[in-house]
Structure formats: structure tokens, C-alpha cells
Amino acid sequence: MNRVVLNDRAIRNLFSSPRSQVGKIIDAKAEMIRAAALTNIQTKTSARSGDLEGSLRKIPIQGDVYHVAVGSDATHRGFPYARALETGINPLTGAPMNFHENKSFMVPAVRSAGFRLRRA
């Protein structure tokens, strides 16, 4: 009969440490997303001040499990235009932005890193 002993501390470390193999994969995926989003911003927007590119961040979040948020909080005169470009909706009024083309920069970046939309 074989006996399996799980090392709870090692398993917890595997999923919560940015230095673990899982943490390194998460960081690499986050960097892929950030780089692709930056490329998308540069190709999909014509009038640029540099604020959107400058506000694009990778933010590590360490807790029970390690994860990284990638995004932008760029605003201009109180208008959250990063969110408007991504969703196509005016965040202040809820009305469509009526772009001539899709300006989303994060969704294609996440997809290019190998992630797919999860169906409910």
C-alpha cells in the first residue's frame, strides 16, 4: 500500500508566492498582456497624449493566492477614457461612445496571451 503525504505549506507556497513556478507563469502572462495592450493602444488610437500608455500597469496582488492585475485608470478632465475605449460605453452616462471601430485594447491583449472567454 502506498502512502501519499501532502505538504500543505509547499502547496500553499506554490500558489501564493511570486517566486514559485506558478508565480513566474502568472508574471509572464501578465507581461504578455501588458505588452500586447500597449501595442493595441498604439495602433488603435490616433490622438495620443501618452497618458493611456503611461498608466498601463501590472500590479501584483499577494494573498492566499498570487495574481496580477493588468490595466489602466487613465482619465482626462475627470473622464475615464481608458474604460470608455475598452467598453465602448461612456462610463459617466451609460450611453454608447459611437466609435467608428472597436477601440478595445485589453480584451484582445488577454486573448493573445492564450486566455478565452469563459461561458457561464
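Report the Stokes-Einstein translational diffusion coefficient (µm² s⁻¹, integer) for region 36-97, Rh taken as the Kirkwood radius over Cα pairs, at 37 °C with viscosity 0.692 mPa s. Calculated translational D: 254 µm²/s.
With only Lys, Arg, Asp and Glu charged, each at its Cβ (+1 for the first two, -1 for the last two), find how big the charge dipole of region 45-113 is about the Cα centre; round to the nearest 20 debye.
Approximately 80 debye in magnitude.
With contacts taken as Cα pairs under 8 Å at a separation of at least 6 residues, the chain carries a relative contact order of 24 percent. Every helix of 4 or more DSSP H residues in the chain counts as -39500 (n - 2.57), and over all residues that averages to -13000 deg cm²/dmol at 222 nm.
Here the Karplus curve 6.51 cos²θ - 1.76 cosθ + 1.60, taken at θ = phi - 60°, turns the phi angles of region 78-87 into couplings of x, 9, x, 6, 4, 5, 5, 4, 6, 9 Hz, with x standing for Gly and Pro.
In order along region 90-104, the phi-based Karplus estimate (6.51 cos²θ - 1.76 cosθ + 1.60, θ = phi - 60°) of 3J(HN,Hα) comes to 5, x, 7, 10, x, 7, x, 7, 6, 5, 6, 9, 5, 9, 4 Hz; Gly and Pro are listed as x. On the principal axes of its alpha-carbon atoms, the chain has extents of 67, 31, 25 Å, going from largest to smallest. Angle, helix 21-44 long axis vs. longest principal axis of the chain, Cα atoms, 0 to 90°, nearest 10? Once rounded, the angle reads 10 degrees.
Bear in mind that the values in this text are calculations on the coordinates, not laboratory data. No experiment lies behind these values; they were computed from the predicted model shown. A quick note on method: Cβ atoms are made from the backbone with ideal geometry, for glycine too, and the neighbour counts reach across all protein chains shown.
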